[in-house]
Structures are given as structure tokens and as C-alpha cells.
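First up is the structure itself, then whatever we jot down about it.
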Amino acid sequence: MVSPEAKKLAEERAARMQAALDLKEPDRVPFTGLGGDVIPAYAGITSYEYEFDFEKNRQAAVKWFTDFPSDSAPRVGLGGLDNQSMGVAFQDYPEIVSGVNSVNGPMNDVLKMKFVRFPGRELDENSARQFIGGKNMEPEEYDQLIADPVKFCFEVIMPRISGGLKDLGSPASLATMARFGLEKARQDAEMAKTMQALMELGYYFAPRGVCLAPLDLISDQLRDIPNLILDLRRYPDKVKAAAEALVEPMVKMGTMSIKAGAKECFIPLHLNEYLSPKQYNEFYWPTLKEVILKLVEAGMKVQVFFEGWHDAHLETILELPAGWGTAYFEKTDVRKAKKLLQGHTCIMGGIDVSDIISLTPAQLDENIKKLFDEMAPGGGFIFSPNIGTCPRETPIENVRAVYEAVEKYGKY
Amino acid sequence: MREELLRSFVDMDEQEAVRIARELVETEGGAVAVLDTCKEAMEEVGRLFEAGEYFLSELIAAGDMFNQIMEFTLPKLQGEEVASLGTMVLGTVQGDVHNIGKDIFKVMAEASGINVIDIGIDVPHEKFVEAIKEHKPELVGMCCLITLGVDSMKRTIEVIKEAGLRDDIKIIIGGGRVSQAVMEHVGADAWADDAARGVRLSKELLGKE
Amino acid sequence: MAVDAKQLAAERAARLKAAVELKEPDRVPFTGIGGDVIAAYAGITSYEFNFDYEKQCQAIIKYVKDFPSDQPVIGMTGLGNHVASMAFSDYPDLYPIISRVDGPTNDILGVDYCRFPGRELDENSSPQFIGREYMSAEEYDELIADPVKFCFEKILPRIVRAFRDMKAPEAHAAMARLALEKAKAGAAMRDMFRQLQELGYAPGGLSVFFAPLDFIGDQLRDIPNLIKDLRRYPDKVKAATEAVLEPLLKVSVNAKGPGVETAMIPLHLNEYLSPALYNEFYWPTLKEGILRLAELGMKSQVFFEGRHDAHLETILELPAGWGTAYFEKTDVRKAKKLLQGHTCIMGGIDVGMVISSTPAKLDEYIKEILGEMMPGGGFILAPNIGNLPRETPIENIRAVYEAVEKYGKY
């Protein structure tokens, strides 16, 4: 049972996040919390156990989120790796998309994806899960992709990337889908238990859509980055046309969770820091922008994770309507971003995970104090680690120092 | 030749029966002879069935043979006066969508000289009433395979009564799950759980045997 | 499970087991009578019963509570999807997902031979199997060469709308959606089985097997065509029955849950065939199947649809204690004379009587049957077919249960 106190706490936390999203000043600086591989380490279990065993995963999460409370609905459950090309392949079947879009350990045991690695399987039991990517599409196939991206992802790409589905239409491939369904049903039930446990601790859960920048889908899932970079010079028109062809599928992926109550869509960028402003504006930004605008039109806020340095392209964000959503920065200086985006875009980030690993508690306390002094005024700021994963070896006293500093300096 | 046709038909020698019938039908008055012989053969098959010597598979095979032969015989009978024992409206009752039993019965009934109006499967009560009004049959046949059909037959007969048509017709029910008890329960005049018995009783109800 | 419920379950199981072992139990084992009337008794439509797991489970529990028996016919909904079971026979873990089509799964699959209440049928109709010709006579050689491959590649696409193009997203999505739907059903079922256990019923179930010729007649060729095939292509038909035997046994193994010791074998074509045809085309592979099931640790329960009188003696070719002969229209008294000490006999209650008779007559009727059938044991009282229609008078059902209570003691 969720107690009235826990319910009230969840409402306060949700309101805090919402105020920042609305570019206002909440009662405190909202803090997403830290997480990642440090959670199983803190619970004394292997990463393998955390990635494959729901019961242990749940216990570890409950321990962590009890000892280190934060504001956002934490990312709980088994960690997954991006598999959006398969999501596109099944985009006409929303109940399947949510299970194939991102692949976790047990699901990968069913689907046997070619480009993911999991602890306790291909990797050491305390390693982090990894997406290694690879080339799944030839340049000659751009025309097919452009003509019908959904069909192409299903018929051509999926058999190449999933061992379980390598022979479409065979008993083995249909059996893979049935086993996928069984596993998904099991995971849905387990996730409901985990969410219930976290709700009892005063956390809230809001469903969220996910999609990619069209060019990222091509480079991460289909062509692999080095090839795509060359394609930009060799087949510029095809690449452009392919990105355009993927706008609708990406919007569909992002908006399909609206029915389930999602109000926000997450778009993690990847190629952004690889591209010159000229390339960014020619190949990357137009279709990303179109996707964001369509999601906003559909009533969603968007949270974009700008991986790496986005400094060169920062101004393009102003082409979006004020209040469109959240810019989550990795290496881009959030102070610099704030100067440009205040009153237009909610800013998220602020602390480098490598600092959490390598600095002292006192230094962390000092850094956060300074950061808040600069970032809190005027609101529209969410404090967050610059990437989602703190490694197993993250010193717990440093973790504690971060939470204590947020507590000390976060009041408006 | 009639003797040979009768024998090969009753013995289930399909190829031979069809061959002879094709030959016979081309002779003077042959079409009538083929029709009469096949009817006689079907009657004999039914008798063998009721005697426990033949089984459903023979009824089905005989029905198929009869239809095959009629396909090329009936066109030659145009203009000939074909005697009819009477008219029967036949359908599987509402809620039941099976047709195999009805179809076996239908071909045997037709072979015996009954003019069968087949109104299909899953037939609503009112459609029976309409068909009775339209075709003025002496006999109504209701089929069901599943037990659900029992009550559906009962209601259909009630609706026929309400329309004031019950006294004009005889009703026979048929199908795998009907029995004397079911007949009394639904208020029919006869019952049959196999096609041969069904045809024999239908003829009795028509006062022809 | 409470101790007395556990004990009750053990008593019931022992009663049935004693009969199968041709002994006299403490009381005559009684399977109960159910079917569409279960939904009516709970005040819900057949549509609700077939599409709403929770309502279905509640209705079953209510009925079983009010009408306890030794092995309640809990109105397993849906229709068998035997071609799919064979097509996926190399994937035992998928058997629970693909072997039966109920209302919600038929919405996903679109099975050609299924008719469901509230969909193609009136909301208070029964689910119905309406087969057609799914295989042509020219395809016997393919069936004989590799029945599993043939069923998968050729027949499934013809039978299941979602599989019309096996390579398409729809087919793949259907498999996943099927599993998700079955998981939903499974949650409701688990709750029902828990309640049944509390009512003194042991978890169990039946495996299933088909006479090879029935598989060909019902699932592939359609009966009228098969009847002609027996005369036109006798060798092919015979070879086909031999070819499908192994995969059908594989399906029986897949269908055998933990603790399951009985395989149900519902016959269909038996009453269509003369002894000559029965002994040539039907019985040899059926008999082999029964013997092989015994080797696999399963007793058979054969449902002899219609009149089996002409073939009754063939049962004696099986070893004594092989299993249970469940009769529809064959007179169980006549069967007993022949089979006593060799075969457990099941049946005895004419469903037509239960629908149309009166409580007093039913009391007399059950008393008579039990009087003749009980002595010597080896008898299980059951309705001659599984389904009582919605309109069955409840007082008649009650009369049957009361009569069994009154006259069933050994």
C-alpha cells in the first residue's frame, strides 16, 4: 500500500520537476538522483544479477532509493540498450514496440541481438552492458530505406541484427516472437511490482515516449557512425532523403505512448558532436527539429540529451518554440547554455560523473554550491549527473556528498 | 444396363456407376431411367445403412455419386414431368452453423423425391415462418449438431405456432444430439439422428410409405 | 489449501483412479455435467464467458461450488488449434500458447474455422468449429513427406488470417500478442485453480491425442472429401495416417503437463466408417497411438463419438487396463458386457434427457444406470457429451447430482 505520506511526497517531487519544466522556480532545485552500476555494487550484488534478476534488481533499487532520495521517477528495472530499428519494424504494434525498442538482458536471451553485450553473458559479471554497434545496411540500400523505412527495418534489418529472427517466417522466428511475448508479460508484471515498491517510497512514475533523431537511427542502428560520416560526402542526397523518410516513424514512436498517459518524449542525441555546424544544419537538425515540433504539436514536452559538446550548435535550440522542453547537456557548460536559453528552455545536467568518481566530498560540496548559485536563479533548471551511469567503483562518500550538498544548497 | 447401374451404385463403385449412367442417359428415355435407378439405389443405400451394413461414409459417398450423375442427367430431363412426394423446408436452426448433417440428409431426401427448399444454417426463427408462408411445404426439417440447438428448435416451433402455421405442417428434427426425449421437449412430430432414418420418417410424415 | 480440501482432493483423485484401474471405489466417480449452462447459471452471456477471463472464472467457481463432482468439466473454453500444435511441435514451450483458440486469441489470429459468440454468432451461442477443405487431394505427397513442415508452410497460412504471410510483421506480431494475451488469461486461471484447490480439486488436466485419420479428416481435407479419398487414393490416405502419427504423439508429449497421466482422444470419423474401412484406415494408427501413449506413461481416455457399436470388439485388441472408453450413443450396458475387467467405461447420462426430462424421471434414470453399471467397478459416470445448453433446467441438473449422491455408494 502506498501511504498518504508517500503519496504526498511523490506529488511534491512531481510538482518540483514540473515547475522546472515550466521554466519556473520550484521550492527546491529538482534533482534526478544518481544511479547506474553503483546501485548493484551498493547492494552487494553483481551487475549480472542486477541486469538479469528482477527480485535482486528490485531489492537493490529499494535500498538505493531509500538511502539516496531524489525527485525524479528513477530509471528502475533491468537496464536496456537501444534497439529502435526494431521498434520501427513493429511500429504498427505498440504493445510490442515497448518491449523491442530497448533490449535488456533476459530479453536479449530471447532476441539474441548482434550488437549488444551484457554482463554475465558476453562480458564479465561486473561489467556494464554495452551497445557496440556495427554496419547493418549497405549504401546501395538507401533507396529501399527511403521507399519504406518500416518495411525495410522489418524485412532487411531485423533478420540481420536479431539471431532469433534471422529467418523471418520460419517456425524459429515465430517462436522467438512468442517467447518474446511471454518474456514481456513476465517483465511487465515484475516492473509493476518494482514500481509499486518505489511508489511506497514516495516516487512517482510517468510513462515517457522515446525516439531518436532520424540521422542517429541511420548511423547508430543501420550504417554505423564511420560509414555514415563518409555517406554524408558520398551520397548526401540519399542520406537527406533517408532522414526525411524517418521523420514520420520517429514521431510515431515518440507519440505512441501518449495513449498510456505520456506527456514527455526523450530523444538522446549521438551524432551531434561529430558534425560541423554546416553538416549539422544540413543533415541532422532539420529532421530532428521537425520531429521535436511534431511531438510538441501532439501535446508533448521533449527532453533532448545533447551528448558530448553541443556548443557549436547551441543557438539552433532557439529555433524551437519557448517552453518546448528540456535540454539535457553532457559536456556543454550549463552556465553558458543558461545565458542563451533562460526563459526558453529548461536546462538539465550540471555535474560531471567523472568528478563524482574522482573528487573529494569537500570539493563536490563546493562545486555544487557554486553551480546552484549560478543555475538556480530564475528557475528552469534540473540538477542531474551529466550521464546516467555512475560506475560500480564510485565512492559512496562522494555520492553522499552530492545528495547532502543538494539538500544544503538547493532551497530557493 | 439399369441393373448394372443399380448394382455398381449400391456397391459404391463410383467410376463404373458414372460410366454406365453417362451411357444410359444418351439412350431413348435414358434420363428418366437414370433418375429412377439412382433414386432406387439411394433408397437401397439408406436401407443398408439402417440395417447397420452401411455407415455414414457410404451415405456421403452415395450422395456425392448421386450429385455427380444428376449434374449431367437433370438437363436432359427438362420438360419431363418429375413426380414429387412433397415439399420440405430445411434449415439448421439459429445459433448453430454446422451444415454437414443437413447436407447429407438433403441429397438423400431429394433422391427420394422430396422437393427440398434449403434455407441454410443459423436460420432465425422468423425465417422459418417466412419460408413456410412462401413455399407452403407439407414438411419442415430442422437440424442441429450442438446441444444449443435443442432450445433453438423449441423456440422456432413456438414461433411457428404463434404464426398459426403449426397445424399446416409436420415437423421433423434431426442431428447428432436429438432423441425421443428431445422431440417431445421441443414439440416436433418426428426425430432422426441419421439421414437415412430422417428420409424414411419424412416420407412417412408425407403419407407416402 | 486447507487440510480437508487436500483430503477431499485426494479422495476424488483416488475414486477416479480406482475406476480406471477397473476396481470398485468408495463411490461411483462422477465427472459432473457443465457447458454453456455454467455461464447462464452465473447470469452472464456466452460472449462474456468466452471473452472475459474474470467473469468466466467466477462463473466456473460458482457452478463448481454449487455442483461439486469428482472431476468437474470446467468448461474449457475455445477450440483446439491442432494444425498449429503440429506446426510448432518442435517447440514444446509454445504448446500452451498456440494449442487453443479462445475468444480473445481468435481476435488476434482470425482462425477460419472458429465461430465465437458475440462475434460471428449470437452472444449466447456456443463456440463452433466449422472446418473446410484446407488441403487438396494433390497435396497428400507433401503431407506424407513432412507433415510438420507441410502444416506450417501450407496449412497454417490458409487457416489463420494473421499467418497468411508468415514472413510479414502481422504474423510475427501475432505470435507476441498471443503470448501477451495468454499471459493475461494465465493470471486469471491461476487464481481460479487456487480457488478450485480450496474447493478440494487437485490441479491436473489431460493431454490430448487424435486418431491420425481424424486429424486428416477434420483439420485438413474436410470429412466429405476424406470419405471420397478413402476410395480414390486409399494408399495415400493410409501413408498419410502413418506419417502424422509421430508428430501427433509429439504434440501429446508437449501437451502433457506435470503430473498428467491421461491423454484424451476424441474420435470423430469412427461412426462414419464401416468395419472394413475402420479396420483398414482408422484403427491401425489409432491403436498404435494408444499403445505408444502407454509407453510414454499415459493412459488413454477415448471418446467414441456417436455410435461405436460396429467397432466395439476392436477395443479388446488393446491390453487390459489400457484406459477408459467414453461413449456417446453406444449403450454403456452393452459395452460393459463386452469390456468388463478390460476397459474402464465412462458415460451413461444422456444430455438430451437432462435438457428435456423432469427431476423425478432423472432420479429414476440415474438409479437405473448406476444399478446396472456400478457392480464390479471400472465405471465413471459422465454426460454423454460435454455441453449442457444454457436453457437446461437447473432443477434437472440438481436432480442428477442428488441422484448420484443417493445411489452412488458402493
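Quick notes on this structure:
- B:ILE117 versus A:GLU25: modelled label distance in nm, points set 7 Å from Cα along the beta carbon direction: 8.9
- Ranking of C:TYR47, A:TYR284, A:TYR403, C:TYR410 by neighbouring Cβ atoms within 10 Å, starting from the fewest: C:TYR410, A:TYR403, C:TYR47, A:TYR284.
- Proximal aspartates and glutamates to A:LYS240, defined as alpha-carbon separation beneath 15 angstrom and excluding residues fewer than eight positions away on the same chain: A:GLU140, A:GLU141, A:ASP143, A:ASP148, A:ASP216, A:ASP231, A:GLU248, A:GLU282, A:GLU290
- Residues A:GLN130 and A:ILE357, FRET efficiency given R0 of 25 Å [Cβ-Cβ distance, rounded to 0.05]: 0.85
- Only Cα pairs under 8 Å and 6+ residues apart enter the sum, and on that basis the relative contact order of chain A stands at 21 percent.
- Note on C:ASP66 and A:ASP92: the model spin-label points, each 7 Å out from Cα along the C-beta direction, lie 4.6 nm apart.
- Rounded FRET efficiency, nearest 0.05, which uses the C-beta distance separating A:ILE396 from A:LEU123 and R0 of 25 Å: 0.55
- Counting only Cβ charges, +1 for Lys and Arg and -1 for Asp and Glu, the dipole size of chain B around its Cα centre is about 640 debye.
- Altogether, the Stokes-Einstein calculation at 20 °C and 1.002 mPa s, with the Kirkwood radius of the stretch B:2-77 over Cα pairs as Rh, returns a diffusion coefficient of 177 µm²/s.
- Size check on the stretch C:354-410: the Cα extents along the three principal axes, sorted descending, read 36, 22, 14 Å.
- Gyration tensor (alpha-carbon) shape descriptor, chain C, a/c threshold 1.5: oblate
- The GNM of chain B, with springs linking C-alpha atoms under 10 angstrom apart, assigns the highest mean-square fluctuation among B:LYS76, B:LYS106, B:LYS39 to B:LYS76.
- Seen from every direction in turn and averaged, the convex hull around the alpha carbons of the stretch C:305-402 projects onto 6.2 nm².
- For the stretch A:1-104, the relative contact order comes to 22 percent (Cα pairs under 8 Å, sequence separation of at least 6).
- Chain A: Cα Rg divided by the 2.2 N^0.38 Å rule of thumb: 0.97
- Taking amide H as placed 1.01 Å from N in the peptide plane, C:SER300 has its amide H under 5 Å from the amide H of C:ALA263, C:THR324, each at least 5 places away in sequence or on another chain.
- Other residues lying with their Cβ under 15 Å from the Cβ of B:VAL116 contribute a combined charge of +2, Lys and Arg counting +1, Asp and Glu -1.
- Placing unit charges on each Cβ (+1 for Lys and Arg, -1 for Asp and Glu) gives the protein assembly as shown a dipole about its Cα centre, and among A:ILE229, C:GLY43, C:PHE209 the Cα reaching farthest toward its positive end belongs to A:ILE229.
- Least to most buried among A:LYS112, B:LYS208 (fewest other Cβ within 10 Å first): B:LYS208, A:LYS112
- Between C:SER89, C:SER99, C:SER136, the residue with the greatest mean-square fluctuation in the GNM of chain C (Cα pairs under 10 Å linked by springs) is C:SER136.
- Cα pair count fraction exceeding 38 Å, expressed as % - the protein assembly as shown: 58
- At R0 = 41 Å, FRET efficiency that the Cβ-Cβ distance of C:GLU295 and C:ALA187 yields, to 0.05: 0.70
- Ellipticity at 222 nm from helices only: DSSP H runs of n ≥ 4 in the protein assembly as shown, each -39500 (n - 2.57), divided by the residue count, give -14500 deg cm²/dmol.
- In plain terms, the chain from C:GLU405 to C:GLU198 could stretch by 72.4 nm, reckoned as 0.36 nm per residue minus the Cα-Cα distance.
- From least to most packed, judged by other beta carbons within 10 angstrom and beginning with the fewest, C:ASP26, C:ASP218 follow the order C:ASP26, C:ASP218.
- The magnitude of the dipole of chain A, with charges of +1 and -1 set on the Cβ of Lys/Arg and Asp/Glu and taken from the Cα centre, is near 420 debye.
- Alpha-carbon geometry of the stretch B:54-123: the Rg and the Dmax are 13.5, 40 Å, given in that order.
- Reach of C:LYS17 by Cα under 20 Å, taken over lysines that are not fewer than 8 positions away in the same chain: C:LYS6, C:LYS256, C:LYS299, C:LYS336, C:LYS409
- Helix runs (DSSP H) in chain B reaching 24 Å along axis by Cα, Kyte-Doolittle at least 0.0: B:30-50, B:56-73
- Taking the Cα centre of the protein assembly as shown as origin and assigning +1 to Lys and Arg Cβ atoms and -1 to Asp and Glu Cβ atoms, the resulting dipole is close to 2700 debye.
- Positive-end extreme of charge dipole, the protein assembly as shown - chosen from A:PHE90, B:GLY164, C:ALA174 (charges on Cβ): A:PHE90
- Dividing the mean sequence gap of close Cα pairs (under 8 Å, 6+ apart) by how many residues chain C holds gives a relative contact order of 22 percent.
- For the residues A:PRO119, A:PRO377, A:PRO395, a GNM of chain A with alpha-carbon springs under 10 Å puts the largest fluctuation on A:PRO377.
- Straight Cα distances below 25 angstrom link B:LYS133 to the lysines B:LYS102, B:LYS106, B:LYS154, B:LYS161, B:LYS170, B:LYS203, B:LYS208, with same-chain residues fewer than 8 positions distant left out.
- Cα gyration tensor category, rounded, prolate or oblate, for the stretch B:86-205 with a/c compared to 1.5: rounded
Quick note: the coordinates plus some simple rules give every number you see, no bench work behind them. Here the structure is a predicted model, which is why all the values come from computation and not from measurement. Note that we place each Cβ from the backbone using ideal geometry, even for glycine, and neighbour counts take in every protein chain shown.
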